Amino acid sequence: MNTLQVALVGNPNSGKTALFNRLTGSRQKVANYAGVTVERKEGQFVLDDRLVRVLDLPGAYSLNASSPDEQITREICVGSTDYGFHPDLLVCVVDATNLRLHLRFVLELKALGKPMLVALNMMDAAGKRGIDIDIDKLQQALGVPVLPTVAVAAHGADALKNALVHDLQTLPARDSGADAEDAHQQVRRILSESVSMPRATAELDDRLDRWLLHPVFGLLILFTVLFLMFQAVYAWAAPFQDGISAAVAWLSVTTGSVLPDGILLSLLQDGVFAGLGTVLEFLPQILILFTFILALEETGYLPRAAFLLDRAMFASGLTGRSFIPLLSSYACAIPGIMATRSIQDPRDRLATIMVAPLTTCSARLPVYTLLIGAFIPDQRVLGWFNMQGMVLFGLYLFGIVSVFGVAWVMKRFNRQQSDHALLLELPSYRLPNPRDLLIGLWDRARIFLRRVGGIILTLTVLLWFLSSFPAPPEGYSGPAIDVSFAGRLGHFLAPLFAPIGFNWQIVLALIPGMAAREVAVSGLATVYALSSDESGISQLGGILANEWTLATALSVLTWYVFAPQCISTIATIKRETNSWKLTGIAVFYLFGLAYLFSLLVYQSAVALS
Amino acid sequence: MDLTHLAIGKQALVTGISPRAEGDAIAQRLLDLGFVAGERVSCVALAPWGGDPMLVQIGFTRFALRRSEAARIQIEAGT
């Protein structure tokens, strides 16, 4: 039996991915195209003993590619680059309610002369709006087969499946003889002959947009939605995360009761299980955030939010689409960086990824609370304000200013000074389809666990190794980490950190603290030879208050505003940029800023005291 | 005049696109999206913060355009 290869191609918002889900179900492979970060989605189905491989090409408005996504679509349709998929047939997906735009692309594709057919999608929505399409006439005018589909209905693609397997195996390649008539004129003619449309837009869209895009009410509604989403990521995920960490702790304790003390147990408990816990605890936040993002994208609200926020973000070199990824980074940068996939312009996407680690994520709070509690007096200033609260607020503000500052500097230094295009389509409002939502969520979870989880787990085990070997000699009274590789590295690096006021204990704690920011707290407890459990940490504040100067404490706080002390973030940047070079640049500039500002803060504090 | 001068709720006829430079990708994209001579265009909404971007309707589709993009589109106030 020979396999049929079919590529789905069409405008963004044509319901192409929904149709792909309908054709292939959940049997999908999601990967990247070789060498780029464009998502490659492939699936397959079998009908009457015939295997059909389906490739869901990135949405495109034109073969005049203006983004890496559209470039891929062009290369595969034209056949200029080999991506291991050679379509026997192009299925061009068009939205029956948006034919003026979509038919132009059909004509452009038709001029390639490849075998193709048109899937006239969203026929249900067209019916509801009283749009009458004469399919025979349309077929005749286009010169290719036209099949109506409803991607969101259970049997909405059956006719297409049947046609693919039975009727169209020998669809001839056509003469590409370009029409003398201009494509736009041709579309107008075809529309006037075969389509009758009572009104240009859906009445519902007009009514909703009047409120949702209103300069006052629109912003109020937007901030309500954003507030809810932020609450959900921040608070709703917590019980799930607690559950996961309890389960991992139980696993660790149980293993401890079975295995004897020793290297193997230590590797499992402090390396493997710790890494596993880290990976799994991100999942609830990722899933909740993506439920919101996918639902907002499917309803058509996300591009509207970008419309409302574009000006505010553009001033600093970002785009309206950057807002939601950055906002979610305040809970955690991992889901935030993953959410940058909703930004189409690759330069805007990269800029957003680069600044996301600067947002004050929730893992910084334990460090901030510890040091503020130990060093900042709990007193009122100016009658009203609590000084500790003001310092915390200042740290958040510092983070926000640095996000916009860095984005602005990156914009200034970007070699490509050409305009960033917005040209954003605001599609018709639609109810999200639960099945498509679930498939989307499953994709995200799989990508995170497979691609990012592996790196996090490996690095956690590596950190465990560095902090545990070589073991201290018999009768050694100091903390064990002191003689380990990490300890030696800490002592070795200590002179470098002296100008910013870090003693060797701090430098040492920063090394295992690469695992995650909050780990620095237990890391400090360990190097100050306290037990790393709760009782040890509760004494830590008092010890630090005696051992450190205020200048050192302020310097460490500043360090944590910038420093990428989180291998999970670094792993996610690697996954999302698909480049070690860009990841290296991000890590280098973040550490660089951390050092620079800590130096500034420490030296000024010393000079002033 | 260009599209940035179109008031909210008003319609006009596109008369052409003026590229900013040789091989202006944004001008090409505007053509591909249907901003061609003879097409009817209307301004549907303006974003807060000074009406940038603006939301316009062309054919059956709504696009958000930044002012710098809309300024490339020449129009003739019509009915």
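The values are calculated or read from the model by the stated rules, or taken from the named source; none is laboratory data. Keep in mind the model is a prediction, meaning the values are calculated, not measured. Here the Cβ is made from the backbone with ideal geometry for all residues, glycine too, and neighbour counts use every protein chain on show.
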Listed residues A:N98, A:N64; which is over 22 Å from A:L4 (Cα atoms) and surrounded by fewer than 18 Cβ atoms within 10 Å (Cβ to Cβ)? A:N64
Name, by its number, the condition in (1) farther than 15 Å from A:R100 by Cβ; (2) modelled with pLDDT under 90 that does not hold for A:D182. (1)
The range A:505-519 residues that are more than 17 Å from A:I334 (Cα to Cα), paired with ones that are modelled with pLDDT under 80 and assigned to a loop (DSSP other than H, G, I, E, B) (beta carbon under 9 Å, 6 or more apart): A:Q505/A:Y528; A:L508/A:P479; A:A509/A:Y528
Given the conditions (1) under 20 Å from A:A157 (Cα atoms); (2) more than 14 Å from chain B (Cβ to nearest Cβ); (3) hydrophobic (A, V, I, L, M, F, W, C); (4) part of a helix (DSSP H, G or I), which single one is not true for A:V91? (4)
Can you tell me which residue among A:V355, A:V367 is touching a residue at least 60 places away in the same chain (Cβ under 8 Å) and either crowded, with 19+ Cβ neighbours inside 10 Å or on the phi < 0 side of the Ramachandran plot (or both)? A:V367
Tell me which residues, restricted to the range A:108-122, are under 31 Å from the mean Cα position of the chain (by Cα) and more than 10 Å from A:P145 (Cα to Cα). A:N121, A:M122
Would the range A:377-389 turn up any residue that is within 29 Å of A:V521 (Cα to Cα), outside the structural domain of A:F597 (by TED's automatic domain parsing) and surrounded by 20 or more Cβ atoms within 10 Å (Cβ to Cβ)? no
Answer yes or no: is there a residue in the range A:464-471 that is over 30 Å from B:G59 (Cα atoms), of a type in the set (S, T, Y) and not in a helix (DSSP H, G or I). no
Could you check how many residues of the range B:66-79 are within 7 Å of chain A (Cβ to nearest Cβ) and of a type in the set (S, T, N, Q)? 1
Just to be sure before I move on: is A:L47 at pLDDT 90 or above, more than 14 Å from chain B (Cβ to nearest Cβ) and farther than 29 Å from B:G23 by Cβ in the structure I sent? no
Based on what the data block shows, is A:A159 in contact with a Ser or Thr (Cβ under 9 Å, 6 or more places away or on another chain), more than 30 Å from B:A27 (Cα to Cα) and either modelled with pLDDT under 90 or not in a strand (DSSP E or B) (or both)? yes
Which residues, counting only those in the range A:304-321, are of a type outside the set (K, R), more than 9 Å from chain B (Cβ to nearest Cβ) and in a helix (DSSP H, G or I)? A:A305, A:M313
Counting only residues in the range A:69-88 that are touching a Phe, Trp or Tyr at 6+ places or on another chain (Cβ under 9 Å) and not β-branched (V, I, T), the one farthest from the other protein chains (Cβ to nearest Cβ) is identified as A:Y83
For A:I439, state whether it is at pLDDT 80 or above, surrounded by fewer than 16 Cβ atoms within 10 Å (Cβ to Cβ) and under 20 Å from the mean Cα position of the chain (by Cα). no
Given the conditions (1) of a type outside the set (S, T, N, Q); (2) farther than 30 Å from A:A31 by Cβ; (3) free of Cβ contacts under 8 Å to residues at least 12 places away in the same chain; (4) not assigned by TED's automatic domain parsing to the domain that holds A:S598, report the number of the one that A:R488 does not fulfil. (4)
Wholly inside the range A:210-285, helices (runs of 4 or more DSSP H) that include 3 or more residues that are small (G, A, S), away from chain B (no Cβ under 14 Å) and touching a residue at least 12 places away in the same chain (Cβ under 8 Å) are A:237-258
Is the range A:32-45 home to any residue that is of a type in the set (S, T, N, Q), under 20 Å from A:G156 (Cα atoms), assigned by TED's automatic domain parsing to the domain that holds A:L191 and crowded, with 22+ Cβ neighbours inside 10 Å? no
Taking into account only those residues within the range A:490-505 that are under 26 Å from A:T458 (Cβ atoms) and surrounded by 15 or more Cβ atoms within 10 Å (Cβ to Cβ), which is modelled with the lowest pLDDT? A:G490
Could you please let me know if A:S328 is more than 18 Å from A:E576 (Cα to Cα), touching a residue at least 12 places away in the same chain (Cβ under 8 Å) and more than 14 Å from chain B (Cβ to nearest Cβ)? no
Which count do you get for residues in the range A:49-100 that are in contact (Cβ under 8 Å) with a residue 60 or more places away in the chain and over 26 Å from A:R27 (Cα atoms)? 6
Go through the range A:310-347 and give me each residue that's among the charged types (D, E, K, R), surrounded by fewer than 24 Cβ atoms within 10 Å (Cβ to Cβ) and over 24 Å from A:G453 (Cβ atoms). A:R311, A:D345, A:R347
Considering each residue of the range A:195-209, count those that are more than 8 Å from every other protein chain (Cβ to nearest Cβ) and part of a loop (DSSP other than H, G, I, E, B), and give that number. 3
So for the range A:100-109 (the condition being among the charged types (D, E, K, R) and away from chain B (no Cβ under 14 Å)), does at least one residue qualify? no
